[in-house]
Amino acid sequence: MTKRNTPSTSKQVTLVMSAALCVCALILWEWLVRAKGISALVLPAPSSIALTLWQGLRSGYLWPHMLQTLAEWAAGLSLGCVLGFVGGLVLGEVSLVRQIALPYIVTSQVVPKLALAPLFIVWFGFGALPTVVMTALICFFPLLENTMTAVSQADAQQLDLFRMLRASRWATLVQLKLPQGLPTVLTGLRMAVVLAWVGAVVGEFTTASKGLGALIIAAQGSMDTALMFAVLVLITALGWVSYQACGVFERFVLRQTGFLKR
Amino acid sequence: MTFIQRVGFILLAVMSCWGQAQAQVQAQSGNKTDKFTVAGWSKPITEITNLLVEEDKGFFKAKGIDLAYAPGAGGGDALRNLLSGQADVAFTDPGSLFAALDKGEKLRVVYDIYPQNVFNVVSLKSANITKPADLKGKRIGVYSLSSGTRQNLQVLLHQAGLSESDVTVVVTGLLNFAPLIQGQVDATAATDTGLWVGRQKGLGEVNVMEVKNFLNVSSDFFVVREDTYQQKKDLIKRFLQAYRDSAKWMMQSPQEAADLAVKFAIDGQNPSANLEIIKLRNASSVSALTQKRGLGTVDVETLQKAARAYKAFGLIQNDLNMSEVVRLDLLPAP
């Protein structure tokens, strides 16, 4: 009888292969830069990027910028989630509002936010607020869309049951539609978490004196490509950690509500 | 009283005590300072260290000014922030100034920050581009289409009887020496500090054409709105005095400025690089005219020549009379 791989063994093998691919890519990159004598201005070696990142963290240079962006990300995500969730509920429940408002909401997503950055300063002043607003504008849409979908796709038979029991609109929403649509809503949240990083960093490109986005622009200005890459690595790490954390939260909630087995 | 009411009451009491304490501190300090915001063309970088070190040096506080710096992405941004009321003075370039004046904005130039032109066009030695006429038919990189590098490239071309249509302008972004090194452009428009940094990053042997050798138009000015100029003369005067003091300090103590830039400038990690950049900015802050009449004096004649040049290559539509725009009455005595 042949031994079969268990699911956890397959997952471990996949992880090892993924890590190995990353290591091979880095080794190839390092070799290419050294062998071809590529200028650090054009493409710094991974070792140079790692050294810059290490020095920046150890000297404390990067921490204030990380904390600034993290704060803006958190504030923008919170605002975006409130707007997205409440907006999704309203648009999902009231079809007239959905028909009137949805085209404008979609338009707001198509308009490139970076072009609005100088106007945000005029409207909201300097400091973190323009970045927080931009972050919220970028990340609210997935949650709005998913909440709207979740609320409008409740099980028809159960809806009939609630109607027969003369449940109020609020009771139907809170006790049927939202619980049923929870996986969809949480998927929207996961997308919002990632998009919020894009908003926070891009928002800092023009409006900020501090933060990882501001640091990218400063690094370009001083032609410190290694620093630019180091900041991108930081942003990637922060984004990945927040995405995984959101996934853990999602699985916890879905287990508590019976969507996943404990 | 419910729990929430109790919490609310406690919060109110705490905030009231805090507010009273703040008012007492304010009263005891006795010094009234005027808020004054500078809209910059950049992030808080090493080049403007003298504006960033207020916390440690207090040049502006000594003149009763509470200084704030608002970052920007170019001189146009700085002017936009000025015109929208977000700032009291703009740290901006001539091109952005001319464009705003051309649109009818009521602005006043009150201080010449860098009377030396800091722009250049750089090419690899192998390209054999040694004079502006050699740029004909070439691909030339600029930071962006709205940048000072593009405008000063046009000044250089204009001096050689060329225009932008005689070359191919390529937007390279701030990492403008990378395309030059890789041969994607034949030359690139840059600044003196950009060139210095590029050399540190392995740029190699290059030919440099400095715009100041052809038309030495100033690189940056302090510009205010007409209404601010009329209503806040004393405040502007104090600001200019404080700025001049800070600029003098940076010239007399470049090493100290370089060390402070590590703390205050977003790109100031390397003190020895900071020192070189500060030295370059110090050199661009002085001219024969400023030696005679003090830092900040504006060369109206050269500024007028620049305005005519900008009209000649189509960046502005109207004739501008710069003697009506420049106001030197608020400059402190030398």
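The values are calculated or read from the model by the stated rules, or taken from the named source; none is laboratory data. Keep in mind that what you see is a predicted model, and the values were worked out from it rather than measured. All Cβ positions, glycine included, derive from the backbone under ideal geometry; neighbour counts span all protein chains shown.
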Within region B:90-126, how many residues are assigned to a helix (DSSP H, G or I) and either at positive phi or not hydroxyl-bearing (Ser, Thr, Tyr) (or both)? 9
In region A:110-128, is there at least one residue being in contact with a Phe, Trp or Tyr (Cβ under 8 Å, 6 or more places away or on another chain), in contact (Cβ under 8 Å) with a residue 12 or more places away in the chain, part of a helix (DSSP H, G or I) and more than 30 Å from B:Asp77 (Cβ to Cβ)? no
Got a sec? Which of A:Val13, A:Val42 is of a type outside the set (Asp, Glu) and outside any helix (DSSP H, G or I)? A:Val42
Has region A:181-190 got any residue that is without any contact (Cβ under 8 Å) to a residue 40 or more places away in the chain and of a type in the set (A, V, I, L, M)? no
Name the residue that is modelled with the lowest pLDDT, counting only residues in region A:209-222 that are assigned to a loop (DSSP other than H, G, I, E, B) and surrounded by fewer than 24 Cβ atoms within 10 Å (Cβ to Cβ). A:Ser209
Got a sec? Which helices (runs of 4 or more DSSP H) wholly within region B:249-329 have at least 3 residues that are among the charged types (D, E, K, R)? B:254-264, B:271-284, B:300-312
Leading residue by the ranking (nearest to the other protein chains (Cβ to nearest Cβ)) among those in region B:262-274 that are more than 16 Å from A:His65 (Cβ to Cβ) and touching a residue at least 60 places away in the same chain (Cβ under 8 Å): B:Ala273
The one condition in (1) more than 14 Å from chain B (Cβ to nearest Cβ); (2) in contact with a Gly (Cβ under 6 Å, 6 or more places away or on another chain) that A:Glu204 fails to fulfil: (1)
In region A:90-133, anything under 21 Å from A:Thr69 (Cβ atoms), within 21 Å of the chain's Cα centre (by Cα) and surrounded by 15 or more Cβ atoms within 10 Å (Cβ to Cβ) is listed as A:Lys113, A:Leu116, A:Ala117, A:Ala128, A:Leu129, A:Pro130, A:Thr131, A:Val132, A:Val133
Search region A:61-89 for residues being of a type in the set (A, V, I, L, M) and surrounded by fewer than 16 Cβ atoms within 10 Å (Cβ to Cβ), and hand back the single one that is farthest from A:Leu212 (Cα to Cα). A:Val86
Could you please find all residues in region A:138-190 being under 18 Å from A:Val94 (Cβ atoms) and either loosely packed, with under 14 Cβ neighbours inside 10 Å or of a type in the set (D, E, K, R) (or both)? A:Glu145, A:Gln153, A:Arg163, A:Ser168, A:Arg169, A:Trp170, A:Ala171, A:Val174, A:Lys177
By my count, helices (runs of 4 or more DSSP H) wholly in region B:171-231 with at least 2 residues that are in the same structural domain as B:Gly148 (by TED's automatic domain parsing) and either on the phi < 0 side of the Ramachandran plot or out of contact with any strand residue (DSSP E or B) (no Cβ under 7 Å at 6 or more places or on another chain) (or both) are B:177-181, B:192-200
Residues located in region B:184-209, provided they are at the interface with chain A (Cβ under 9 Å from one of its Cβ atoms), of a type in the set (A, V, I, L, M, F, W, C) and within 13 Å of B:Glu276 (Cβ to Cβ): B:Val197
Only one of B:Ser123, B:Ser42 is of a type in the set (Gly, Ala, Ser), at pLDDT 95 or above, surrounded by fewer than 24 Cβ atoms within 10 Å (Cβ to Cβ) and within 26 Å of B:Ala187 (Cα to Cα); which? B:Ser123
Inside region A:34-59, the number of residues satisfying the requirement of being among the hydroxyl-bearing types (Ser, Thr, Tyr) and more than 19 Å from A:Met223 (Cα to Cα) is 1
Scan region A:12-44 for residues that are among the hydrophobic types (A, V, I, L, M, F, W, C) and within 13 Å of chain B (Cβ to nearest Cβ) and report the count. 6
Identify, please: which residue in region A:192-208 is surrounded by 24 or more Cβ atoms within 10 Å (Cβ to Cβ) and more than 15 Å from the chain's Cα centre (by Cα) and is, among those, modelled with the highest pLDDT? A:Glu204
Quick one: is B:Arg225 among the charged types (D, E, K, R) and surrounded by 19 or more Cβ atoms within 10 Å (Cβ to Cβ)? yes
Conditions (1) within 30 Å of B:Ile266 (Cα to Cα); (2) at pLDDT 95 or above; (3) of a type outside the set (Ser, Thr, Tyr): number failed by A:Gly125: (2)
Evaluate the following for B:Ile277: is it surrounded by 20 or more Cβ atoms within 10 Å (Cβ to Cβ) and under 30 Å from A:Pro64 (Cα atoms)? yes
Filtered residue count, region B:42-90, keeping only those that are under 13 Å from the mean Cα position of the chain (by Cα), hydrophobic (A, V, I, L, M, F, W, C) and more than 14 Å from chain A (Cβ to nearest Cβ): 1
Tell me the residue from A:Ser222, A:Ser209 that is more than 25 Å from A:Met134 (Cα to Cα) and within 14 Å of chain B (Cβ to nearest Cβ), please. A:Ser222
